[in-house]
Every structure is written in structure tokens, then in C-alpha cells.
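The values are calculated or read from the model by the stated rules, or taken from the named source; none is laboratory data. Note that this is a predicted model, so its numbers are computed, not measured. Heads up, the Cβs are rebuilt from the backbone with ideal geometry, glycines too, and the neighbour counts pull from every protein chain shown. Each accessible area value is taken on the protein alone, full model and side chains, heavy atoms only, with ligands, DNA and RNA left out. Shrake-Rupley method; radii C 1.70, N 1.55, O 1.52, S 1.80 Å.
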Amino acid sequence: MELTEAFVNVQLEWLHMHHLFALLCLVAVVYKLNILLAKRRDAFRNFEIFPGPPGHWLFGHVLEFKQDGEDLDKVVKWGKQYPYAFPLWFGPFVCFLNVHHPDYVKTILASTEPKDDFAYRFIESWIGEGLLVSKGQKWFRHRRLLTPGFHYDVLKPYVKLMSDSAKTMLDKWEVYADNNESFELFEHVSLMTLDSILKCAFSHNSNCQTESGKNAYIKAVYELSDLINLRFRIFPYHNDLIFYFSPHGFRYRKALRVAHSHTDKVIRKRKEALKEEKELDRIQAKRNLDFLDILLFARDEKQQGLSDEDIRAEVDTFMFEGHDTTASGLSFLLYCLACHPEHQKICRDEIIQVLDGKDAMEWEDLSKIPYTTMCIKESLRLYPPVPGVSRKITKPMTFFDGRTLPGGCQIGTSVYGLHRNAAVWENPDVFDPLRFHPENASSRSPHAFVPFSAGPRNCIGQNFAMNELKVATALTLKRYQLAEDPAWEPKIIPRLVLRSLNGIHIKIKPVDPEE
């Protein structure tokens with residue numbers, strides 16, 4: 001009898017604890033919901049001075065973006081209705097002010113405000129707190145320590161390595177030149193830019209262009225980019241716990257292991273090679289310095305270097321940023337030239353004259369191809385590799401027209417929307433390289449064209465990227481004539497970089513020396 005009573009008491013205690021736990025959970029949910037509702041109320045109040053497209057009460061504007069290749073055009077269309085800026089809601093609680101005019105862009109990009117802690121938070125597990133996402137003193141210190149890695153003395157020897165990587169890709173294209181069938185560019189170009197970044201910045205020969213099968217690192221980068229975009233759009237995935245236990249969270253961690261394994265291998269090999277070296281000067285006497293050398297030997301005024309975690313973050317950042325954005329830029333550039341044979345011919349004539357029989361670009365040649373450079377810039381305008389950037393302001397920000405946002409608001413710069421803003425660019429959808437002739441560009445706001453962002457947080461690797469675009473374009477046009485395939489018009493979509501749902505296809509044939 002006593003045993004039965006004891007058992008009943010234990011059951012009652014468990015029941016009481018379950019009720020208490022359920023009550024605590026309910027209180028936590030109500031508390032969290034109140035915080036989110038307050039956040040929603042504040043956002044409505046903060047952005048009420050900016051009219052914008054109507055959104056769904058629960059999904060915001062997410063349902064408007066169907067991932068069908070027309071999402072960015074929708075942003076441009078809304079930009080015509082709502083000049084300067086308009087709010088975009090991602091779910092019921094997250095709102096960004098989407099800016100798309102140079103006068104607004106100047107205000108936000110000229111500031112030192114940090115990247116937003118929402119969208120960029122989703123990629124921190126991948127690239128850590130590198131230059132792309134770090135803020136405050138950490139960002140300032142890293143920027144100062146890494147800047148020597150992009151001095152022209154360091155960049156100069158890269159031109160030959162870029163030429164070598166481009167030639168490997170162009171050799172592989174001979175099969176397409178023979179059969180006159182269109183082929184997909186992006187995968188080839190991604191392998192080439194990965195090969196190039198590994199050779200240039202990390203002195204690492206990967207043979208990734210010639211090995212059989214899909215490259216595991218590039219496949220992981222695609223997967224991570226898609227999943228981060230998915231997480232941004234599906235508001236329950238904004239919660240770390242929900243995303244972690246979801247099937248998409250499992251795929252994300254799997255791809256993350258591949259990406260980190262790749263960069264860890266590169267760092268480990270270099271550290272082993274530099275075990276006996278203590279000074280950069282001694283290394284430079286033996287070979288050209290690269291980005292990783294400078295990263296490993298960087299010291300601040302207190303003679304403190306970067307931690308292993310910081311080095312890994314910067315390598316992951318530059319490995320991704322240095323190959324994927326350039327791959328996007330080059331793929332769309334070659335597509336533009338294929339669609340506009342008249343501009344392609346002018347570029348080719350200019351390049352052949354500068355190369356004068358050489359089969360590789362040299363440092364001095366990069367400044368001698370002005371028309372090709374204008375074509376590169378025009379392609380970057382129409383197809384910016386990074387279609388948008390965002391910041392979270394820490395203090396009130398007043399724009400040129402007097403409208404003010406309080407601290408804590410998130411502001412997204414639509415680079416794509418800015419570059420196709422009809423109030424800024426005449427016939428914005430037309431490919432016209434002469435927009436960038438010095439005489440035509442001088443009267444335009446410098447913040448009308450920001451493919452590498454602008455201000456103190458602009459892209460540290462923009463000279464590296466422009467050099468690679470020039471090298472690869474020059475060698476491609478010297479060797480092949482490019483033609484479009486009307487059956488394969490790109491359906492562009494914003495990921496971490498600009499991509500195409502159906503790939504980017506062109507046809508090629510060998511250049512006729514008589515033409």
C-alpha cells in the first residue's frame with residue numbers, strides 16, 4: 001500500500017513539473033512574441049515615411065520573389081514607382097529600406113556603419129568574421145593589416161598566373177569551337193577563377209580545371225549560396241535552432257565541412273612550408289609574395305599577428321569572394337560580348353594590337369585596352385556580381401531630401417536597381433560601353449556605379465578582380481569569336497553573387513586572322 005502511495009506521489013510530482021515546464025514554455029513564447037510584435041510595430045513606424053509596394057501581412061514581399069529569373073526586374077519596376085527608396089519585408093518582422101538612387105547610396109556607403117547583423121549573420125558560420133562581415137576595431141585592424149596584400153608589387157606577378165589559368169580554360173574550349181554548339185560558361189569560368197585565386201593568392205596548384213568530375217569545393221560554394229538565400233527568404237529559418245534541425249540545415253553543415261576542409265588544407269600546407277621562415281624579406285628573396293604570406297606574417301603596432309581563427313576567416317572570405325564574384329562578372333561579360341559583335345570586334349582589334357603577337361597579357365598591357373575596360377564596366381553595370389549589400393545603422397541617418405531613419409534600422413543598397421535606374425542612366429537596359437568614356441562619366445555621380453561597393457568598406461580586392469577580367473577577356477577574344485544562342489537567354493537570380501537559373505550559354509569559333 002505504501003509503495004502504491006509513493007508511486008502515485010511521484011506521478012503527481014512529474015505531472016506538476018510537466019505543468020510547470022509547459023507554463024514556462026508558454027511564458028517564453030508569449031515573451032518572445034511580444035518582442036517580435038514590438039519589433040514589427042517599430043519597423044512600421046520607422047519606415048512609414050517611405051511608401052512602398054504592398055506586402056502580405058505574414059510573408060511580407062517574399063511571395064513576390066518567385067525565383068523565376070524576374071525577381072530583380074521587379075525591384076527595378078518598383079524603383080520607378082517609388083523613387084530613391086522603398087521598404088521590403090522578409091516575413092512579418094524583418095524589414096529593409098531598399099535604396100536605389102546615387103544620392104541615397106552615397107549617404108549609406110560613405111558612412112562607416114557595419115554590415116547588417118541579419119543577412120550577413122547567416123554566412124558567418126561559413127566565412128567567419130573576415131573583412132566582409134567584421135565591424136568596428138576588428139574590421140579596421142584587419143583592413144589595415146591586409147591592405148599590403150593588394151599593393152601593385154604583389155598584384156604584378158599575378159598577371160602571368162591569371163594568363164596561365166585562362167589559357168587552360170581556353171584549351172578546353174577547342175572542342176566547342178569545332179562543333180559550333182552552344183555550351184554553358186559559368187562552370188568552366190568558376191573552375192578557372194578558382195584555379196587562378198589558388199595560384200595567385202595562395203601559391204597552390206590545384207589542377208582543378210583538368211581533373212575529372214565536378215570540383216567538390218565549387219559544388220559546396222553553390223550549395224552554401226543557395227541555402228543561405230533560402231534561409232533569408234523563409235522566415236522560420238531565421239531561427240538558428242529550426243534551421244539546424246531542418247533537412248536544409250543538414251545539407252548546409254555537410255557543404256560547410258567540404259568548404260572548410262578545402263581552406264584548412266591550403267593553410268596547413270603553407271604553414272608547413274614556412275616553418276623555418278621568420279621574415280617576409282627572406283621569402284621574397286626566393287619567390288614572389290602572395291596574399292597568404294602577408295596574412296601569416298601581418299603584425300600590428302603592438303607586434304600582434306592574426307589568430308588562427310582570424311586567418312581561417314580571411315582565407316575563407318577571399319577564397320569565396322575572390323573566385324565566385326569574378327566568375328559571375330566574367331561569365332556575364334563574355335555573354336554581353338557574344339550578344340554585341342560590334343563591340344566585341346572593337347575590343348578584339350584593340351587587344352590584338354596591344355598583344356602584338358604575344359600569347360599572354362603582361363602588367364603594362366592592362367592599362368592599354370581602354371575600350372575593353374569600358375565594356376567590362378558596362379557589363380558590371382548591367383550584371384553586377386554582387387547585386388546588393390546591406391548595413392545596419394547604429395545612429396540616426398538623414399538623407400539628402402530630409403527623411404531620417406533612427407538607429408537600428410537595416411538599409412539595403414540594390415546595386416542592380418541602382419545600375420538600371422532610368423532616372424540615372426539613359427536607356428538603362430541597353431549595352432553601351434561609351435557610358436564609361438571619361439567625358440561621359442565625368443558628369444555622373446560616382447555613386448551611380450558601385451559594382452565593388454564604395455566608401456571605406458569598398459571591396460579590397462577590386463583591382464585584383466579587374467585585372468583578372470581584363471586578362472581573361474583579352475585572351476578569350478584573341479582566340480575565339482563569341483556568338484549568342486537565342487535559345488538560351490539567362491534567367492538571372494540573386495544569390496550571394498549574381499547567377500542564372502538556366503546557366504549562361506554562348507557559341508564560339510576560332511578567330512579568322514583575315515578578318
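Quick one: the Cα spread of segment 303-401 along its three principal axes, in angstroms, biggest first?
Answer, in whole Å and largest first: 51, 46, 22 Å.
Given the pairs 160/368; 135/392; 106/470; 77/395, which are separated by over 21 angstrom at their Cα positions?
106/470; 77/395
Counting residues in segment 164-235 as N, plug N into 2.2 N^0.38 Å and put the Cα Rg over that result.
For segment 164-235, the normalised Cα radius of gyration is 1.34.
Can you give me the accessible area per residue for segment 85-140, using a 1.4 Å probe, in Å²?
32 Å²
Can you work out ³J(HN,Hα) from phi for every residue in segment 215-227, in order, using Karplus 6.51 cos²θ - 1.76 cosθ + 1.60 and θ = phi - 60°, giving whole Hz and x for Gly and Pro?
6, 5, 5, 5, 4, 5, 5, 4, 4, 5, 4, 5, 6
Taking just the alpha-carbon atoms of segment 62-134, what radius of gyration and Dmax come out, in angstrom?
Reported Rg and Dmax, both Å: 14.4, 38.
How big is the Rg/Rh ratio for the chain, C-alpha atoms only, Rh by Kirkwood, two decimals?
Using only Cα positions, Rg/Rh for the chain is 1.03.
Under a 5 Å amide H to amide H cut-off, with H placed in plane at 1.01 Å, what residues pair with residue 413 once short-range neighbours are removed?
Answer set, sorted by chain and number: 99, 389, 390, 391.
In sequence order, what are the phi-derived ³J(HN,Hα) couplings for segment 87-93 according to the Karplus relation 6.51 cos²θ - 1.76 cosθ + 1.60 with θ = phi - 60°, rounded to whole Hz, with x for glycine and proline?
Values per residue, Gly and Pro as x: x, 10, 9, 10, x, x, 10 Hz.
With just the Cα atoms defining each centre, how far is segment 439-507 from segment 116-189? Give it in Å.
13 Å
What is the set of long-range amide H partners of residue 503 at a cut-off below 5 Å, with H atoms built 1.01 Å from backbone N?
Residues meeting the amide H criterion: 491.
Once phi is turned into ³J(HN,Hα) by the Karplus curve 6.51 cos²θ - 1.76 cosθ + 1.60 with θ = phi - 60°, what whole-Hz value does each residue of segment 501-512 show in order, with x for glycine and proline?
4, 10, x, 10, 10, 9, 10, 9, 8, x, 5, 7
In degrees, nearest 10, range 0 to 90: what is the angle between the Cα axis of helix 158-172 and the longest Cα principal axis of the chain?
90 degrees
Figure the gain on full extension for residue 58 and residue 152 (residue separation times 0.36 nm, minus the Cα-Cα span) and round it to one decimal in nm.
28.8 nm is the gain from fully extending residue 58 to residue 152.
Compute the angle between helix 71-81 and the longest alpha-carbon principal axis of the chain, please, reported from 0 to 90 degrees and rounded to the nearest 10.
The helix 71-81 is inclined about 80 degrees to the chain.
How big is segment 136-205 in terms of Cα radius of gyration and Dmax, in angstroms?
16.8, 56
Determine the per residue accessible area of segment 142-266 with all protein chains present and a 1.4 angstrom probe, expressed in square angstrom.
About 45 Å² of surface per residue is accessible.
Would you mind computing the Rg to Rh ratio of segment 184-333 from its alpha-carbon coordinates, Kirkwood style for Rh?
Rounded to two decimals, Rg over Rh is 1.03.
Let's test the formula: R0 of 41 Å, r as the Cβ-Cβ distance of residue 77 and residue 268. What FRET efficiency results, to the nearest 0.05?
E(calc), rounded to 0.05, equals 0.25.
Any chance you could give the angle, 0 to 90 degrees and rounded to 10, that helix 341-355 forms with the longest Cα principal axis of the chain?
Compared with the principal axis, the helix lies near 60 degrees.
How much of the accessible area of segment 118-175, probe 1.4 Å, is carbon plus sulfur, in whole percent?
59 percent
Please state the charge dipole magnitude for the chain, taken about the Cα centre, from unit charges on C-beta atoms (+1 on K and R, -1 on D and E), reported in debye and rounded to the nearest 20.
1280 debye
Would you mind working out the magnitude of the charge dipole of segment 402-515 relative to its Cα centre, with +1 at each Lys and Arg C-beta and -1 at each Asp and Glu C-beta, to the nearest 20 Debye?
580 debye
Under a no-solvent Debye model with one identical scatterer per Cα of segment 341-496, what's log10 I(q)/I(0) at q = 0.09, 0.13, 0.16 Å⁻¹?
One equal scatterer on each Cα of segment 341-496 leads to -0.38, -0.74, -1.04.
Given the DSSP H assignment, sum -39500 (n - 2.57) over each helix run of at least 4 residues in the chain and divide by its residue total; what's the result at 222 nm in deg cm²/dmol, nearest 500?
After summing the helix terms and dividing by the residues of the chain, the value is -17000 deg cm²/dmol.
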